[in-house]
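Colleague: I am attaching a structure below and will ask some questions about it afterwards.
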Number of protein chains: 2
Amino acid sequence: MNDQALTSWPIWQKLRSSAEKMELPEYHLKHLVNQDNRLENYSVSGGGLFYDYSRQRVDSQVMGYLLELADTRSLSEKFNQMMAGAHVNVTEDRAALHTAARQFSNEPVYDNGRDVIPEIKAVRNQIKAFAQAVHNGEIKGAAGLPFRDIVVIGIGGSYLGTEFVATALEGLADKRINLHFLSNVDIDNFGRIASRISAETTLWIVISKSYTTTETMANLNQAKAFMKANGVPPEKHLVTVTSKKSPGDDPENPALATFHMFDYIGGRFSVTSAVGGVPLSLYVGYDRFEKILKGAEEMDRHAAEAPIQKNAPLLAALISVWNNNFLGYETQGIIPYSSMLSKLAPHIQQLYMESNGKAVTIQGMPLDIDSGVIVFGEPGTNAQHSFFQLAHQGRPFPIDFIGVVDPVYGEEQVTSKGVTNHQELWANLIAQSQALALGKADRNPESTFSGNRPSAIILLNDLSPENIGRILSFYEAKTVFEAFIWDINPFDQFGVELGKTMASAIRDEIARKNKNPGYEFDNRDPVRKFYLETLFNSKP
Amino acid sequence: MNDQALTSWPIWQKLRSSAEKMELPEYHLKHLVNQDNRLENYSVSGGGLFYDYSRQRVDSQVMGYLLELADTRSLSEKFNQMMAGAHVNVTEDRAALHTAARQFSNEPVYDNGRDVIPEIKAVRNQIKAFAQAVHNGEIKGAAGLPFRDIVVIGIGGSYLGTEFVATALEGLADKRINLHFLSNVDIDNFGRIASRISAETTLWIVISKSYTTTETMANLNQAKAFMKANGVPPEKHLVTVTSKKSPGDDPENPALATFHMFDYIGGRFSVTSAVGGVPLSLYVGYDRFEKILKGAEEMDRHAAEAPIQKNAPLLAALISVWNNNFLGYETQGIIPYSSMLSKLAPHIQQLYMESNGKAVTIQGMPLDIDSGVIVFGEPGTNAQHSFFQLAHQGRPFPIDFIGVVDPVYGEEQVTSKGVTNHQELWANLIAQSQALALGKADRNPESTFSGNRPSAIILLNDLSPENIGRILSFYEAKTVFEAFIWDINPFDQFGVELGKTMASAIRDEIARKNKNPGYEFDNRDPVRKFYLETLFNSKP
């Protein structure tokens, strides 16, 4: 079956026919939601969260076919093979063992015949000891002052997941510690942070698997120059999170501590490894980091073990493929009704789009469908006052609404119009999903709503570290389940290489011009030459 | 012509044929960019910025048709009518005079026969005097302490534009002043801010045209409770930006100052009115706010006066409609290669999607095309390490790259690989647009790039307040030009009403339950009832 184009599979064709049927007026969501026991039949609790897909454009026939698709594609088996260390990242011949990063049992997990659990646990213990030593003052800056600012130097997968979790758990953080992210090579990212910190009380965490990432190394050089200018020795103010034997794990480049990351955990899946573990343990405490792991582990087990019709991330993956490949929605909104989850969408944007924005199958055959969708989002109710005009009356796109039952700052509430702010937030959460689905006829054309716009609601009980771990793992599992359906490799990213290669050639020209101001830029590409000259001529 | 469906217009059909032609291999961007004088012929300097569309999928025939479309639709005339006070917001019978907010001459602009310039200038003078009095210490908090934290209470158009500008100009801000945005009704938005400020040194700016916006009023009540609990009188710590005679402009609700906003300037176009003026003048100084206005005014004049083939926002609008309605791209990326512009995309997301996500023409006829696209974006190079895998090898989407010739913190640069951080940033900016356009053949399927992915580059010389004003106005003009092409009203937002109405009914039920804990929720909609019960049962 794998050597045939997706669209020729019998189950794919059945789903296509169902999609045509769903365009009929009687399958408008305003009718579907009125089915008996709609919510009971189209929602699931699992892995510690609640997933409601009752306002997705599916009926029992569609769900039957989608479950058949899941079966045909052996999704659960593949997920378990992934967790057991199979080299599912075929192009790079690597395992994808982010789930091992949050395993607490000692049950072995083998990569190339070697159990990875001991080294994972060793790193965890090292993080615990380091964070405690910083918190109790055993480890201080060179001038004997405690660390007050932590700057994480890292980009992409070494940044977005940690930023999401840190923002979500900010209410639990040590108020004396400020966390900064130095990701962009843009000097203004560095300049802005440098203007707000004191070198003597700053700890820098450099995160790069290879320790060669261009942006990260350029920012590290800025940081070292800053430390030097302020008379602070880097080996007392800098820790590294990197691969064994990378340049960041070399006594020639001394650091306060080095934590290992492993090639069987990809960047965008690495929040629960040392990548997230070091900064998050310093920010909210190691115990809370461990709680994140426990929540993620619970969801991993659910994803691996729950039967497909009760499996929340698997159902979410099926619905996502349905919306994308059959109903034709090319974008997906992620709208958390929680300001603490403001960085969820940027994280999922990377996780999903870098994993599933692929053009070929693992056999190297061109895909005959478009795999990933474009993911974007902002918190609600903000989004209602931003782009929801289009969501209701323009081009439709599916939305994942995320609700949080108990807020962080719940004790501070006064009422307006008889309800607390949190209740007002929920009134809107409930109303939006309903309004998008039902629509409304009206005499005035501008007040007419076509409805039939699909959405899901995902509920977390609160913003505990466990729940943050659960939702992280939920979206990771959903992402890889979708990849397994399409038979693509969600763990590589060769699509970023061409831009890097071209940037490298341009950098070389700039470096030549820096050395020799008389150097004339190559004019085979006049556009490129124009921009290079613009960059140089602007110089004062 | 206006009473006929767009798709039946002869020029629309000519563009359709051209779009088919552009799918032929010989029209791949890798060939188009090699045309003689491609950059010179497909770029324009105007209104103080540079717009390069040489890597858009257009040729001279397409551009000819697009210019004909612009002519047929009388875009320049409509823009000038808008600036002259015509009631282009037909559903609400209002003018759209955001351009008057930055007019410096005394030339009258009439709305309903009344010159609006005097009242606009009066508000500007009032802002200037107020900001100066705060900065020189004449106006202080009730306890005699200077203001150190400014909290802007406002949502949507009362928030996103100001946040964009404040972030962009942060390097110029008074370091003693922290600016916070309390937009979301989520109590965690308030709680997070309240945990970081001191009531005695905090100034609250409440921004709401009607002074009835639910979120803003709920947050105002939180703020008042906070002030009361800390013994601080609101009339000494709160200013309002609101319509004449709204409840926020009523001596019954005393405030330190009240600044007027006018119904001829819509929220998402209001950054250059008192909405942005009050917070920005306090944050970066009134003089800099005036420079923003001057930059915006320059671009307004360019948009109104430049011939269509030299008109940057008009060309950008034509390209956008071409990409959307003819080439079939449903999303638009906004990728500024500048971390200071990190809030540009969320602002444009609102500006564009709320304006152009419409389903009917101004005559109330259903549109036979989809108007607005979905706008999203993050800064580069960050985006390269996040979702650019999909941009290069997945579903294609057009991108506006924004480059800044001189950075804010340029003096801090050390070199890596022979180049400064800023040069590295530019090497990537140049490379990405090139890589997306050209693509690359490769023996390995996963390293094959189809190319032919369109993008534009917009250059700003630096992040001066004038340039921020220019890019604000550029996107505003582009947005309304597109609306004029489709004959939709970009100034109303009836699409947000249904959700509000439904939320209001849900709020009423919650309020009843708060009063009477025995109240049983309406069970006609079991999904709604389920969520309401979940919200209440969670209570400790």
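Colleague: Residues in region B:326-338: is at least one of a type in the set (D, E, K, R), closer than 29 Å to A:Y329 by Cα and at the interface with another protein chain (Cβ under 9 Å from one of its Cβ atoms)?
Modeller: yes
Colleague: Given the condition within 30 Å of B:G364 (Cα to Cα), away from chain A (no Cβ under 14 Å) and among the basic types (K, R), answer yes or no: does some residue in region B:131-140 qualify?
Modeller: No, region B:131-140 has no match at all.
Colleague: Among the residues of region B:85-106, are any within 14 Å of chain A (Cβ to nearest Cβ) and in contact with a Lys or Arg (Cβ under 6 Å, 6 or more places away or on another chain)?
Modeller: no
Colleague: Still on this model: Scan (1) buried (at least 21 other Cβ atoms within 10 Å of the Cβ); (2) outside the structural domain of B:K228 (by TED's automatic domain parsing) for the single condition B:L179 breaks and write down its number.
Modeller: (2)
Colleague: Among (1) part of a helix (DSSP H, G or I); (2) touching a helix residue (DSSP H, G or I) at 6+ places or on another chain (Cβ under 7 Å), there is one condition B:A122 misses while meeting the rest; what is its number?
Modeller: Failing condition for B:A122: (2).
Colleague: State all residues of region B:278-321 that are in contact with a Gly (Cβ under 6 Å, 6 or more places away or on another chain) and assigned to a loop (DSSP other than H, G, I, E, B); if no residue qualifies, say none.
Modeller: B:A306
Colleague: Can you find, within region A:368-402, the residue that is farthest from the other protein chains (Cβ to nearest Cβ) among those that are outside any loop (DSSP other than H, G, I, E, B) and closer than 12 Å to A:Q332 by Cα? Break it down stepwise before answering.
Modeller: Taking region A:368-402 first, the residues outside any loop (DSSP other than H, G, I, E, B) are A:374-376, A:382-385, A:388-393, A:399-402.
From what's left, closer than 12 Å to A:Q332 by Cα: A:374-376, A:391, A:399-401.
Details: A:I374: 5, A:V375: 8, A:F376: 4, A:A391: 7, A:I399: 12, A:D400: 15, A:F401: 10 Å.
This residue is A:D400.
Colleague: What number of residues within region B:251-299 satisfy the criterion of being in contact with a Ser or Thr (Cβ under 9 Å, 6 or more places away or on another chain), of a type in the set (K, R) and surrounded by fewer than 23 Cβ atoms within 10 Å (Cβ to Cβ)?
Modeller: Qualifying residue count, region B:251-299: 2.
Colleague: On to the next question. Could you figure out which of (1) under 19 Å from A:D149 (Cα atoms); (2) surrounded by fewer than 19 Cβ atoms within 10 Å (Cβ to Cβ) isn't true of A:D188?
Modeller: (2)
Colleague: If I ask for residues that are crowded, with 22+ Cβ neighbours inside 10 Å, under 16 Å from B:L532 (Cβ atoms), free of Cβ contacts under 8 Å to residues at least 60 places away in the same chain and aliphatic (A, V, I, L, M), which ones from region A:387-423 would you list?
Modeller: The one that is crowded, with 22+ Cβ neighbours inside 10 Å, under 16 Å from B:L532 (Cβ atoms), free of Cβ contacts under 8 Å to residues at least 60 places away in the same chain and aliphatic (A, V, I, L, M): A:V419.
Colleague: Oh, and also: Considering (1) over 24 Å from the mean Cα position of the chain (by Cα); (2) under 22 Å from A:R524 (Cβ atoms), say which one B:Q56 fails and leave the rest.
Modeller: That leaves (1) as the condition not met.
Colleague: Let me confirm something: among A:D492, A:D522, A:D487, which residue is touching a residue at least 40 places away in the same chain (Cβ under 8 Å) and more than 11 Å from every other protein chain (Cβ to nearest Cβ)?
Modeller: Unique residue meeting the criteria: A:D487.
Colleague: Okay, moving on. Looking at A:S355, A:S433, which one is within 22 Å of the chain's Cα centre (by Cα), of a type in the set (G, A, S), at pLDDT 95 or above and surrounded by 24 or more Cβ atoms within 10 Å (Cβ to Cβ)?
Modeller: When all the criteria are applied, what remains is A:S355.
Colleague: Right, next: If A:V275 meets every condition in (1) closer than 26 Å to A:E77 by Cβ; (2) in the same structural domain as A:H180 (by TED's automatic domain parsing); (3) among the aliphatic types (A, V, I, L, M) apart from one, which number is that one?
Modeller: (1)
Colleague: Just a yes or no: is a residue in region B:350-358 in contact with a strand residue (DSSP E or B) (Cβ under 8 Å, 6 or more places away or on another chain), more than 30 Å from A:A223 (Cβ to Cβ) and among the small types (G, A, S)?
Modeller: no
Colleague: May I ask you to list pairs of residues, at least six apart or on different chains, whose Cβ atoms are under 9 Å apart, with the first in region B:185-207 being in the same structural domain as B:P234 (by TED's automatic domain parsing) and under 15 Å from A:L341 (Cβ atoms) and the second being surrounded by fewer than 23 Cβ atoms within 10 Å (Cβ to Cβ) and among the β-branched types (V, I, T)?
Modeller: Cβ pairs passing all conditions: B:V185/B:T214; B:I187/A:T420.
Colleague: Additional query: Could you figure out which of (1) within 14 Å of chain A (Cβ to nearest Cβ); (2) in contact (Cβ under 8 Å) with a residue 40 or more places away in the chain isn't true of B:A345?
Modeller: Tallying (1) within 14 Å of chain A (Cβ to nearest Cβ); (2) in contact (Cβ under 8 Å) with a residue 40 or more places away in the chain, B:A345 fails exactly one: (2).
Colleague: Let me ask something additional. Do you know which of the residues in region B:82-99 that are more than 20 Å from the chain's Cα centre (by Cα) and over 17 Å from B:D115 (Cβ atoms) is surrounded by the fewest Cβ atoms within 10 Å (Cβ to Cβ)? Quick ask: steps written out before the conclusion?
Modeller: Within region B:82-99, the subset more than 20 Å from the chain's Cα centre (by Cα) is B:84-87, B:90-94.
Checking the rest, the ones that are also over 17 Å from B:D115 (Cβ atoms) come to B:90-93.
Working: B:V90: 15, B:T91: 17, B:E92: 16, B:D93: 9.
Top of the filtered list is B:D93.
Colleague: Additional query: Among the numbered criteria (1) more than 25 Å from A:I471 (Cβ to Cβ); (2) outside any loop (DSSP other than H, G, I, E, B); (3) among the hydrophobic types (A, V, I, L, M, F, W, C), which one does A:A86 miss?
Modeller: Answer for A:A86: the failing condition is (2).
Colleague: Keeping to region A:213-232, report how many residues are charged (D, E, K, R) and facing chain B (nearest Cβ under 7 Å).
Modeller: Total meeting the criteria: 1.
Colleague: Next question. Of all residues in region B:455-482, which are away from chain A (no Cβ under 14 Å) and closer than 17 Å to B:I335 by Cβ?
Modeller: Matches in region B:455-482: B:I471, B:F474, B:Y475, B:K478.
Colleague: Would you confirm whether any residue within region A:471-492 is charged (D, E, K, R), assigned to a helix (DSSP H, G or I) and surrounded by fewer than 19 Cβ atoms within 10 Å (Cβ to Cβ)?
Modeller: Looking through region A:471-492, none of the residues is charged (D, E, K, R), assigned to a helix (DSSP H, G or I) and surrounded by fewer than 19 Cβ atoms within 10 Å (Cβ to Cβ).
Colleague: Also: Filter region B:182-241 down to the residues that are among the hydroxyl-bearing types (S, T, Y), part of a helix (DSSP H, G or I) and under 20 Å from B:L256 (Cα atoms) and list them by number.
Modeller: Answer for region B:182-241, where residues must be among the hydroxyl-bearing types (S, T, Y), part of a helix (DSSP H, G or I) and under 20 Å from B:L256 (Cα atoms): B:T201, B:T216.
Colleague: Further question on the same structure: So which residues in region B:285-302 are touching a strand residue (DSSP E or B) at 6+ places or on another chain (Cβ under 9 Å) and either not aliphatic (A, V, I, L, M) or not assigned by TED's automatic domain parsing to the domain that holds B:G469 (or both), if there are any at all?
Modeller: Answer for region B:285-302, where residues must be touching a strand residue (DSSP E or B) at 6+ places or on another chain (Cβ under 9 Å) and either not aliphatic (A, V, I, L, M) or not assigned by TED's automatic domain parsing to the domain that holds B:G469 (or both): just B:H302.
Colleague: Also: Please specify each residue of region B:439-454 satisfying the condition of being assigned to a loop (DSSP other than H, G, I, E, B) and either surrounded by 16 or more Cβ atoms within 10 Å (Cβ to Cβ) or on the phi > 0 side of the Ramachandran plot (or both).
Modeller: Once the filter is applied, which keeps residues that are assigned to a loop (DSSP other than H, G, I, E, B) and either surrounded by 16 or more Cβ atoms within 10 Å (Cβ to Cβ) or on the phi > 0 side of the Ramachandran plot (or both), region B:439-454 yields B:G439, B:T448, B:G451, B:N452, B:R453, B:P454.
Colleague: Can you name the residue in region A:403-433 that is aliphatic (A, V, I, L, M) and within 23 Å of B:T501 (Cβ to Cβ) and, of all such residues, is farthest from the other protein chains (Cβ to nearest Cβ)? Spell out how you get there, then give the answer.
Modeller: Taking region A:403-433 as the starting set, the residues that turn out to be aliphatic (A, V, I, L, M) are A:404-405, A:408, A:414, A:419, A:425, A:427, A:429-431.
If we keep only those that are within 23 Å of B:T501 (Cβ to Cβ) as well, we get A:419, A:425, A:427, A:429-431.
Details: A:V419: 5, A:L425: 5, A:A427: 4, A:L429: 8, A:I430: 5, A:A431: 4 Å.
That would be A:L429.
Colleague: Of the numbered conditions (1) within 12 Å of chain B (Cβ to nearest Cβ); (2) touching an Asp or Glu at 6+ places or on another chain (Cβ under 8 Å); (3) over 19 Å from B:D508 (Cα atoms); (4) outside any strand (DSSP E or B), A:L436 fails exactly one; give the number of that condition.
Modeller: Result: A:L436 fails condition (2) only.
Colleague: Another question, then. For region A:155-174, does any single residue satisfy the condition of being outside the structural domain of A:L463 (by TED's automatic domain parsing) and part of a strand (DSSP E or B)? Steps first, answer last, please.
Modeller: Residues of region A:155-174 that are outside the structural domain of A:L463 (by TED's automatic domain parsing), as a first pass: A:155-174.
With the extra rule that they be part of a strand (DSSP E or B), the set shrinks to none.
So far as region A:155-174 goes, no, none of its residues is outside the structural domain of A:L463 (by TED's automatic domain parsing) and part of a strand (DSSP E or B).
Colleague: For region A:504-525, which positions are assigned to a helix (DSSP H, G or I) and touching a helix residue (DSSP H, G or I) at 6+ places or on another chain (Cβ under 6 Å)? Spell out the reasoning first.
Modeller: In the first step, residues of region A:504-525 are kept if they are assigned to a helix (DSSP H, G or I); the result is A:504-515.
Matches in region A:504-525: A:I506, A:R507, A:I510.
The values are calculated or read from the model by the stated rules, or taken from the named source; none is laboratory data. This is a predicted model, so every value here is computed, not measured. Please note: Cβ atoms are built from the backbone with ideal geometry, for glycine as well, and neighbour counts cover all protein chains shown.
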